[in-house]
Structure formats: C-alpha cells, structure tokens
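J.: One structure is given below, represented as structure tokens, and several questions about it will come after.
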There are 2 protein chains.
Amino acid sequence: MSVIYDRVALIGLGLIAGSMAHAIREGGLARETVGFARSAQTREIAREIGLCDQITDSVAEAVAGADLVVLAVPVGAMGDLAAEIAPHLKPGATVTDVGSVKQSVIDAVAPHIPEGVHFIPGHPLAGTEHSGPRAGFASLFRNRWWLLTPLPDSDPQAVERLSDLVRAMGAKTDRMEPAHHDLVLAVTSHAPHLIAYTMVGVADHLRQVTDEQVIQYSAAGFRDFTRIAASDPTMWRDVFLHNKEATLDILGRFTEELFVLQRAIRMGDGQQLFDYFTRTRAIRRGIIEAGQDTDAPDFGRAAKTGG
Amino acid sequence: MSVIYDRVALIGLGLIAGSMAHAIREGGLARETVGFARSAQTREIAREIGLCDQITDSVAEAVAGADLVVLAVPVGAMGDLAAEIAPHLKPGATVTDVGSVKQSVIDAVAPHIPEGVHFIPGHPLAGTEHSGPRAGFASLFRNRWWLLTPLPDSDPQAVERLSDLVRAMGAKTDRMEPAHHDLVLAVTSHAPHLIAYTMVGVADHLRQVTDEQVIQYSAAGFRDFTRIAASDPTMWRDVFLHNKEATLDILGRFTEELFVLQRAIRMGDGQQLFDYFTRTRAIRRGIIEAGQDTDAPDFGRAAKTGG
C-alpha cells in the first residue's frame, strides 16, 4: 500500500472514524492521522488507546493542514460542524462525511464549504451495534459497499482519490444520486431499524410476559431485532429526522402491507400467507448469491449458541 | 450417555426431526430410530443419507412398537396425523410434538390419544432458515430452551423421561402453561417473523428501487430480516393460523407503537425517539447477559462479510 493522503483528520471518534483510523494505519494509507471529538472523555480514551497519531483539543487544529477531513458525527450535527471548520480548511483539501442520509447532509454542509475545497459526500454501509472510540476495527469495511454521492461540480480527480482510499480500506465503491441513496437506504436500513426498535418496545411494555421471559425465550426472530435495536440512539434519532420523507413513505407502505397479512391471518387465508412467504424466500436467495451474507446455519453460530 | 428410549419414531423428517436423529445417534440415546415422512422424495433422501436406522413407507409401521413418537410436522397437520397413528400406538408409549404453537396442537391431538399413552406437548426454541431432511445437525439444540407444556393429567415419570432426552440432546428444559407459551412466543418469535416477511415484501414491491439494489445495499437491518423471511412457508403459515389471537394481539400493539414513532418522526420530536431507542438498548444487554447471543461485532462475522 502507499500513502493516498498526507494528513487525514477524523472528526467524531466513534465506530466509523475509529475503524478508519485502524484501517488507514494498517494499510499505511496516510502519513498522519489526526483525531478530534467533542467529548473530552472520548478524546482521553482515544489518546489512551493510541487511536490516531495525534488527538487535538480543538477541531480547528485538527483540520488545519489536512488533505482529507472526514465528518463522522451524527447527521444532525454535520451543518454546525461544517460552519465551524470552514475557515480552517486548507485550499485543495477534500471534505467527506459518513452520514447515513445524504440529501440533508449536502443541504447542511455544502453552503459552508469554501471555494477551492472539494466536498464529496459518502456513506459506508458498515456498522455494528457498538459505538464509541473503542468500537472500531480495521476490517469493518472489508467487502462492504461505500457509496459516494458526488455533487454535479465535484472534481473528478478528487473523487477518484477518495475512491482509492475507500478501496484501499477493503470496501467496494459505487456512485449514486443523493435522493436515490436516501430512498434505497430507507428500505434496506432505516425502516428496518425503526421496526426493530418498535418490536423491542412492544415486548418491553407487555406486562403479562416478563422481561425475563422475553430475554430467555427470544428465538432467532426477536433476538436479531434486539441486536438492531441496540444501535446508537443519537445516530438513529438523526437518521429518522433527516430522512423523514423516504422513511415515512416506506413505513406507510409497510403498514399497508402488514394490514393485508394481518387480515389474511384473521380470515384464515392460508393460501395468501403461503404465497407471500414463498415470494420473500427468493429475495434471500439473491442476497446469499450476491455474497452479502453467509448461508451457514444460524450465521455459523449454531454450535455455540444455536438458532 | 445411556439409552433413554428403546425405539424412537420421528414423523416428518425436516430440520427438527433430522437434528433429533443426529443428536440421538451421537449420544446413543435410543436403541433404534425409525423415520417417516409423507413425501416419497423426503424418505428417499433420508434413506440415502442414513438419517435414521430405518425409514418406513407407512406411518403405522413407524410408530408400531415405539416408546417415543415425535410429531414433527407443520402445526396444521398434527390433528390428522394423531388420528392416523392412534390405533397403532403401543400402550405406555409417549407421544410428543415439536410445534411452535401449543394450545391448538393440544386441542387437535389430545382427543385422539388412547388411554394408557402419554401425550406431552413440547417446543424446542431452535431453528435455522433451512428446512428439509438434509438441514438437520446434532448440535442444533445445544444451550437452547425446549419448553414442555404437560397436561394436568400428564404422568410425572413420563414427563421426566422426556426431559431427560431433551437435556441429553444438549437443551435446557422448562415447563409452561400452553396459553402462556403461545403469548410468549407470539412476542419473541411469531410477530417478529410476520414483520420480517412484510418488510421483505415491501422491498419486493418498490419499483423505484431495483431488487439488485435491495440485495446489494442491504446492510445489517434488512439483511437480518431477509434471513428470517426465508423460513419455511408451510410451517409459518400454520403458526399464524393456529396462534391467531396472540399474534393479532401483538401485531395490534406493534402497529399502535409504530404509529407513535412515525408521528414523532413526522413532528420532528427527536427527544421522544432518543428516549425510546435508549430504552430498547437495555433489553439487548439483558439478552447478552443471559447468554442467548454473542456480543462479538456483527456475530463475529465482521472479518468475513462485515456489518
């Protein structure tokens, strides 16, 4: 591997920035990484574990002289952060973000980016339910998609250089229109997360069934939901508020569809249920074939904890 | 290990019966296993892979002389099966089932069980999204719960003997009232499955987003849903039709709750979302602490396929 950026500034030292720090160091992809986080405690932990070459106490200091600045904060904090760093950005630098929503981030960030600085929005489709400066690991992005949503006037060379970094960290990269990105992600990530949060909340409210029973007898279905519903509350609050229209559109379709199946259960229409469940099987097959998941029983965990 | 039943008849050679066959053989828990399935093709595969000591072409022959008869067919097929085997059951034998719903199975099966035969309903909380005679493996039940819902007049010794077998296959066992079982499972398994089927169906309908995009960019949320939604259509059709009331109750609560969160998104009430998501995190922690799942990033799959 060779150095792609001289100095990379990582702002917000959570799972994504932390994993980038590890991957960049492992691949020797930058001469220097500098980190900053709003929370003093996070900075302290980052220093303690040596997450970046340098952790600064001001965001201005972190971005000064950086060739690449990565905004890795919740979507709702991107605009203010962009305003704060703007005067300190180096001419010719690239600014990217890792937010799960793209149109609202572009609306909030782009107006602050000075002439001569490249803003290239991005979104790595990678994550775990863990967060914070200790959560990152170098292989998080391996074989994962990292979508870029360049603006019409984005400099092609700057986009190519950022793509090189993304690929060097092990990810696959693709380009997409911001609005289309937000709709695709509403289907594949945002709506499923809200649904999982909701189902776990229902279980929590149900007084006839104790928490202990919910926990003890949670088979594959609910257990997977609880994993999803353990994701970072601040990040997800912002995702829903900032991808409001696409998420509400998908949730509306979801509710209609759920009512159709509820009605089939109530009317005892077994054929309709059978046909529906047969169709959804095919999509799963496609995902396995696309190499996005393993076909091993219960994720290959069967022998350890079963299905 | 020592022999717990002399002759065990497994009726319906899918994932559960197949895994029982493997676990019984591995542990030397029966002197002989006999299998039967309605489908000639299933029987042929079972013979080919040597799933049981003997595969019979009639169910009467399979249960004749058996000390334990396991009904491992979809919930909706239990009643007819019980009627068919009743005249051939050995006095003193135990009949159990592995259905995911208990009250309706008891209503359908109990009236057919002859005097002197013990009927002890059961439900192993174990499974994968795979089905058929090749899907089973000996460790499926390891560390999993196997709930028994004995009837008021069930013979304590017969219940204890079945519990011994269950534990010898690696499972933990507990006893529960049938109706309470059905409510607990509606929360922890049945409603989550219907929700996952629904969400995958929504994605399939959405013409602006191609199937290819849904498949390629399915991150943790949706990908887990598709795994759940790949489960056996016949089995799940029967579960919903036979646990109708509890499932509809939970789905009703779920929809109310979802509407509350949808409204919070529409009104931009970030505090409500944040508080909700913070509460659901605690349940996940409980599940990890109860040893029902692994805390490793992305099920420990991160290095292979990421999160």
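J.: Given the residues B:VAL209, B:VAL214, which is the only one that is in a helix (DSSP H, G or I) and at pLDDT below 95? Steps first, answer last, please.
T.: Details: B:VAL209 fails: in a helix (DSSP H, G or I).
One residue alone meets the criteria, B:VAL214.
J.: Anything in the range A:261-289 that is β-branched (Val, Ile, Thr) and open to solvent by less than 10 Å² (accessible area, probe 1.4 Å)? List them, or say none. I'd like the intermediate steps shown before the answer.
T.: Here is the first cut: in the range A:261-289, the ones β-branched (Val, Ile, Thr) are A:265, A:278, A:280, A:283, A:287-288.
Selection gives A:ILE265, A:THR280, A:ILE287.
J.: Find the residue count for the range B:147-164, including only residues that are touching a His at 6+ places or on another chain (Cβ under 7 Å) and either at pLDDT below 95 or within 11 Å of chain A (Cβ to nearest Cβ) (or both).
T.: In the first step, residues of the range B:147-164 are kept if they are touching a His at 6+ places or on another chain (Cβ under 7 Å); the result is B:147, B:149, B:154-155, B:158.
From what is left, the residues that are either at pLDDT below 95 or within 11 Å of chain A (Cβ to nearest Cβ) (or both) are B:147, B:154.
Final tally of qualifying residues: 2.
J.: Of the residues B:LEU183, B:LEU258, which single one is of a type in the set (A, V, I, L, M, F, W, C) and open to solvent by 10 Å² or more (accessible area, probe 1.4 Å)? Lay out the reasoning, then the answer.
T.: Working: B:LEU258 fails: open to solvent by 10 Å² or more (accessible area, probe 1.4 Å).
Step by step, each of B:LEU183, B:LEU258 is checked, and only B:LEU183 is of a type in the set (A, V, I, L, M, F, W, C) and open to solvent by 10 Å² or more (accessible area, probe 1.4 Å).
J.: Out of B:ASP204, B:ASP174, report the one residue that is in contact with a Phe, Trp or Tyr (Cβ under 8 Å, 6 or more places away or on another chain) and of a type in the set (D, E, K, R). Break it down into steps so the answer makes sense when it comes.
T.: On the way: B:ASP204 fails: in contact with a Phe, Trp or Tyr (Cβ under 8 Å, 6 or more places away or on another chain).
Answer to the selection: B:ASP174.
J.: How many residues, within the range B:17-31, are part of a helix (DSSP H, G or I) and open to solvent by less than 30 Å² (accessible area, probe 1.4 Å)? Outline the logic, then answer.
T.: Of the residues in the range B:17-31, the ones part of a helix (DSSP H, G or I) are B:17-27.
Next, only the ones that are open to solvent by less than 30 Å² (accessible area, probe 1.4 Å) stay: B:17-21, B:23-24, B:27.
Residues meeting the conditions: 8.
J.: Could I ask something else about it? Filter the range B:231-281 for residues that are more than 8 Å from chain A (Cβ to nearest Cβ), in a loop (DSSP other than H, G, I, E, B) and closer than 30 Å to A:GLY76 by Cβ and give the result.
T.: Selection gives B:ASP269 alone.
Table: residues versus (1) in the same structural domain as A:ALA171 (by TED's automatic domain parsing); (2) of a type in the set (Lys, Arg); (3) open to solvent by 10 Å² or more (accessible area, probe 1.4 Å).
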{"position": "A:ARG43", "(1), (2), (3)": "yes, yes, yes"}
{"position": "A:ALA66", "(1), (2), (3)": "yes, no, no"}
{"position": "A:VAL70", "(1), (2), (3)": "yes, no, no"}
{"position": "A:VAL73", "(1), (2), (3)": "yes, no, yes"}
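J.: If I filter the range A:106-119 for residues that are within 30 Å of A:PRO192 (Cβ to Cβ) and in contact with a Pro (Cβ under 8 Å, 6 or more places away or on another chain), do I get at least one hit?
T.: Initial filter on the range A:106-119 (within 30 Å of A:PRO192 (Cβ to Cβ)): A:106-110, A:119.
Filter once more, keeping what is in contact with a Pro (Cβ under 8 Å, 6 or more places away or on another chain): A:106, A:109.
Yes, the range A:106-119 contains a residue that is within 30 Å of A:PRO192 (Cβ to Cβ) and in contact with a Pro (Cβ under 8 Å, 6 or more places away or on another chain).
J.: Another question, if that's okay. Quick one: how many residues across the range A:118-133 are of a type outside the set (Val, Ile, Thr), within 11 Å of chain B (Cβ to nearest Cβ) and open to solvent by 20 Å² or more (accessible area, probe 1.4 Å)?
T.: The first filter runs over the range A:118-133 and keeps only residues of a type outside the set (Val, Ile, Thr), leaving A:118-119, A:121-127, A:129-133.
Now narrow it down to the ones that are within 11 Å of chain B (Cβ to nearest Cβ): A:123-127, A:129-131.
From the residues that got through so far, the ones that are open to solvent by 20 Å² or more (accessible area, probe 1.4 Å) too are A:130-131.
Selection size over the range A:118-133: 2.
J.: What number of residues in the range B:108-117 are in contact with a Gly (Cβ under 8 Å, 6 or more places away or on another chain) and open to solvent by 10 Å² or more (accessible area, probe 1.4 Å)?
T.: 4
J.: I need the full set of residues from the range A:140-186 which are within 14 Å of the chain's Cα centre (by Cα) and in a helix (DSSP H, G or I), in order please.
T.: A:HIS181, A:ASP182, A:VAL184, A:LEU185, A:ALA186
J.: Could you list, in sequence order, all residues of the range B:282-291 that are at the interface with chain A (Cβ under 7 Å from one of its Cβ atoms) and in a helix (DSSP H, G or I)? So that I can check it myself, show each step before the final result.
T.: Let us first name the residues in the range B:282-291 that are at the interface with chain A (Cβ under 7 Å from one of its Cβ atoms), namely B:283-284, B:286-287, B:290.
If the condition is that a residue be at the interface with chain A (Cβ under 7 Å from one of its Cβ atoms) and in a helix (DSSP H, G or I), then B:ILE283, B:ARG284, B:GLY286, B:ILE287 are the ones that fit.
J.: Tell me yes or no: at least one residue of the range B:87-98 is crowded, with 19+ Cβ neighbours inside 10 Å, within 14 Å of chain A (Cβ to nearest Cβ) and in contact (Cβ under 8 Å) with a residue 12 or more places away in the chain.
T.: The answer is yes, given that some residue of the range B:87-98 is crowded, with 19+ Cβ neighbours inside 10 Å, within 14 Å of chain A (Cβ to nearest Cβ) and in contact (Cβ under 8 Å) with a residue 12 or more places away in the chain.
J.: Collect the residues in the range B:202-258 that are closer than 29 Å to A:GLY127 by Cα and basic (Lys, Arg), keeping them in residue-number order.
T.: Within the range B:202-258, B:ARG207, B:ARG223, B:ARG227 qualify.
J.: Answer yes if at least one residue in the range A:57-64 is under 23 Å from A:LEU162 (Cα atoms), among the acidic types (Asp, Glu) and open to solvent by 30 Å² or more (accessible area, probe 1.4 Å), and no otherwise.
T.: In the first step, residues of the range A:57-64 are kept if they are under 23 Å from A:LEU162 (Cα atoms); the result is A:59-64.
Next, from what is left, pick out any that are among the acidic types (Asp, Glu): A:61.
Retained after the next criterion (residues that are open to solvent by 30 Å² or more (accessible area, probe 1.4 Å)): A:61.
Checking the range A:57-64: at least one residue is under 23 Å from A:LEU162 (Cα atoms), among the acidic types (Asp, Glu) and open to solvent by 30 Å² or more (accessible area, probe 1.4 Å).
J.: Another question, then. Looking at B:GLY221, B:GLY136, can you tell me which residue is open to solvent by 10 Å² or more (accessible area, probe 1.4 Å), touching a Ser or Thr at 6+ places or on another chain (Cβ under 8 Å) and either within 7 Å of another protein chain (Cβ to nearest Cβ) or touching a residue at least 60 places away in the same chain (Cβ under 8 Å) (or both)?
T.: Working: B:GLY221 fails: open to solvent by 10 Å² or more (accessible area, probe 1.4 Å).
Only one candidate qualifies: B:GLY136.
J.: With the structure loaded, tell me whether B:ASP97 is within 21 Å of the chain's Cα centre (by Cα), acidic (Asp, Glu) and outside the structural domain of B:HIS242 (by TED's automatic domain parsing) or whether it fails that test. Before you say what the answer is, go through the steps one by one.
T.: On the way: within 21 Å of the chain's Cα centre (by Cα): yes; acidic (Asp, Glu): yes; outside the structural domain of B:HIS242 (by TED's automatic domain parsing): yes.
Yes: the conditions hold for B:ASP97.
J.: What number of residues within the range B:107-124 are β-branched (Val, Ile, Thr) and out of contact with any Phe, Trp or Tyr (no Cβ under 8 Å at 6 or more places or on another chain)? Before you say what the answer is, go through the steps one by one.
T.: Residues of the range B:107-124 that are β-branched (Val, Ile, Thr), as a first pass: B:109, B:113, B:117, B:120.
Going one step further and asking which of them are out of contact with any Phe, Trp or Tyr (no Cβ under 8 Å at 6 or more places or on another chain), we end up with B:117, B:120.
Residues in the range B:107-124 being β-branched (Val, Ile, Thr) and out of contact with any Phe, Trp or Tyr (no Cβ under 8 Å at 6 or more places or on another chain): 2 in total.
J.: Residues in the range B:116-131: is at least one of a type in the set (D, E, K, R) and within 27 Å of B:SER2 (Cα to Cα)?
T.: Here is the first cut: in the range B:116-131, the residues of a type in the set (D, E, K, R) are B:129.
Retained after the next criterion (residues that are within 27 Å of B:SER2 (Cα to Cα)): none.
So far as the range B:116-131 goes, no, none of its residues is of a type in the set (D, E, K, R) and within 27 Å of B:SER2 (Cα to Cα).
The values are calculated or read from the model by the stated rules, or taken from the named source; none is laboratory data. Computed from a predicted structure; not experimentally measured. FYI the Cβ positions are ideal-geometry reconstructions off the backbone, even for glycines, and counts take in every protein chain you see. Keep in mind that these areas ignore ligands, DNA and RNA; they rest on the heavy atoms of the full protein, side chains included. Shrake-Rupley method; radii C 1.70, N 1.55, O 1.52, S 1.80 Å.
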